[in-house]
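Inspection log for the structure reproduced underneath, given as structure tokens.
The values are calculated or read from the model by the stated rules, or taken from the named source; none is laboratory data. Just so it is clear, the model here is predicted, and its values are computed rather than measured. We place every Cβ from the backbone using ideal geometry, glycine too, and count neighbours over all the protein chains shown.
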Amino acid sequence: MHLSRFLDPKNDVAFKKIFGSEKNKDILIHFLNDILLFEGNRKIIEVEFLGTILDADIASKKESIVDVLCKDKNGAQYIIEMQVDPTQGFEKRAQYYAAKAYGRQPNRGKEGKYSDLKEVIFIAIADYKLFPNKEDYISRHVILDKKTYEHDLKDFSFTFIELPKFKKDKVEELNNITEKWCYFFKHAKETTLDGYNKIIGEDLIIKRAYEALDQFNWSEDELITYEQELKRIWDNKAVEDYKLERAKAEGIKLGEAKGKAEGKAEGKAEGIKLGEAKGKAEGKAEGKAEGIKLGEAKGKAEGKAEGKAEGIKLGEAKGKAEAKKDFAIKLLKSELSVETIAEYTDLSIQEVLNLKNSVK
């Protein structure tokens, strides 16, 4: 059995018991007037419940069934939805619901006129953030002229209550009936008897709503149905959590594989650069050593050739000098004058005299 005295109004079974039953119709009427800020002639006095299946062709799907659908004495229709689980595109679904309700009005047939169509008002209480960029916990949407902001198309309006954005968690902080309703949806199952007495104050309708949630006012069959709905929610959450963890694990593996591949490619590229730099340095050193050897060999060869050439020149010069001396010695034997011999041999007079003295 549920431990808290008050059940959770966000539970589908509890929500429909409070807002979707003839017994508690007065709670629904007050809720609509309070949330929509209806007063005077606009105030709702009576409602008639309508079938909640909006599309008979897909009646087996949740997307075709709303939680509460009713109309007032003027024919205006009201769709009330409790959305606990985050649902992608819920705002689209809200517009779809409104359009289906608008289009299936009894007076839409051949005899009806478009001017007879009545407005559709959609209200959603969400247990998650529908519009993360908005700060207010309640937002009201209508169709306006983009330029003048005139409200010419009046047959559709949408009100969204986002419970996570409602931050007041103490009864003493509540200032108006709208805040009391939001507190009711968010904290009813945690409300103590002391808190219950404080919150109801003079608001008898809030008292009626809490009484409808008091599990001591529920039959055993109703409580079993309530618990089954809780189990369904928990089972669905467990499945979603498992899928999320599995997807997360697979994502980590894919991320590791991708990271490893990218790291390997980057490492290979860096290795090539380092290898090129190292190879270039080693090649430069080896090339330098080989160049020195080749340079030495070439220098040696060139030096040898130059030395040989110089030796030849020196040899030739020496040979010429010896030949001149031999010729001068022969001329000395002919008793020519030293001056004459020097002139014939290109030797100096001193060189000729030295030769003359050496042959005596």
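Structure data summary
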| quantity | calculated |
| --- | --- |
| Residue satisfying all of: in segment 78-100; in a helix (DSSP H, G or I) and among the aromatic types (Phe, Trp, Tyr); nearest to the chain's Cα centre (by Cα) among these | 90 |
| Pick from segment 173-185, criterion touching a residue at least 40 places away in the same chain (Cβ under 8 Å) and not aliphatic (A, V, I, L, M), ranking: surrounded by the fewest Cβ atoms within 10 Å (Cβ to Cβ) | 178 |
| Filtered residue count, segment 328-342, keeping only those that are at pLDDT below 80 and either out of contact with any helix residue (DSSP H, G or I) (no Cβ under 8 Å at 6 or more places or on another chain) or not aliphatic (A, V, I, L, M) (or both) | 4 |
| Checking residue 195 against (1) closer than 30 Å to residue 87 by Cα; (2) modelled with pLDDT under 95, the condition it does not meet | (1) |
| Condition broken by residue 255, with the remaining ones in (1) in contact with a helix residue (DSSP H, G or I) (Cβ under 8 Å, 6 or more places away or on another chain); (2) modelled with pLDDT under 85; (3) not polar (S, T, N, Q) satisfied | (1) |
| Any pair with Cβ under 7 angstrom, 6 or more apart, that starts in segment 325-340 at a residue that is small (Gly, Ala, Ser) and ends at one that is assigned to a helix (DSSP H, G or I) | 328/341; 328/345; 328/352; 328/355 |
| Of all residues in segment 201-224 being touching a residue at least 12 places away in the same chain (Cβ under 8 Å) and not in a helix (DSSP H, G or I), the one that is nearest to residue 185 (Cα to Cα) | 214 |
| Count of residues meeting criterion [assigned to a loop (DSSP other than H, G, I, E, B) and buried (at least 18 other Cβ atoms within 10 Å of the Cβ)] in segment 143-172 | 1 |
| Residue in segment 227-239 that is among the hydrophobic types (A, V, I, L, M, F, W, C), in contact with a helix residue (DSSP H, G or I) (Cβ under 9 Å, 6 or more places away or on another chain), surrounded by 12 or more Cβ atoms within 10 Å (Cβ to Cβ) and at pLDDT 90 or above present | no |
| Residue match in segment 341-358 (condition: assigned to a helix (DSSP H, G or I) and either among the basic types (Lys, Arg) or under 60 Å from the mean Cα position of the chain (by Cα) (or both)) | yes |
| Residue list for segment 173-200, restricted to those being in a loop (DSSP other than H, G, I, E, B) and under 14 Å from residue 4 (Cα atoms) | 191, 192 |
| Test: residue in segment 246-269 that is outside any helix (DSSP H, G or I) and loosely packed, with under 12 Cβ neighbours inside 10 Å | no |
| Subset of segment 200-226 (residues that are within 44 Å of the chain's Cα centre (by Cα) and surrounded by fewer than 15 Cβ atoms within 10 Å (Cβ to Cβ)) | 224 |
| Counted residues, segment 77-99 - those being among the small types (Gly, Ala, Ser), surrounded by fewer than 18 Cβ atoms within 10 Å (Cβ to Cβ) and either under 22 Å from residue 153 (Cβ atoms) or touching a residue at least 24 places away in the same chain (Cβ under 8 Å) (or both) | 1 |
| Which listed residue is of a type outside the set (D, E, K, R), farther than 23 Å from residue 11 by Cβ and exposed (fewer than 13 other Cβ atoms within 10 Å of the Cβ), from 102, 114 | 114 |
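The rows are residues; the columns are (1) in contact with a strand residue (DSSP E or B) (Cβ under 8 Å, 6 or more places away or on another chain); (2) modelled with pLDDT of 95 or more; (3) surrounded by 12 or more Cβ atoms within 10 Å (Cβ to Cβ); (4) not hydrophobic (A, V, I, L, M, F, W, C).
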| site | (1), (2), (3), (4) |
| --- | --- |
| 50 | yes, no, yes, no |
| 67 | yes, no, yes, yes |
| 109 | no, no, no, yes |
| 140 | yes, yes, yes, yes |
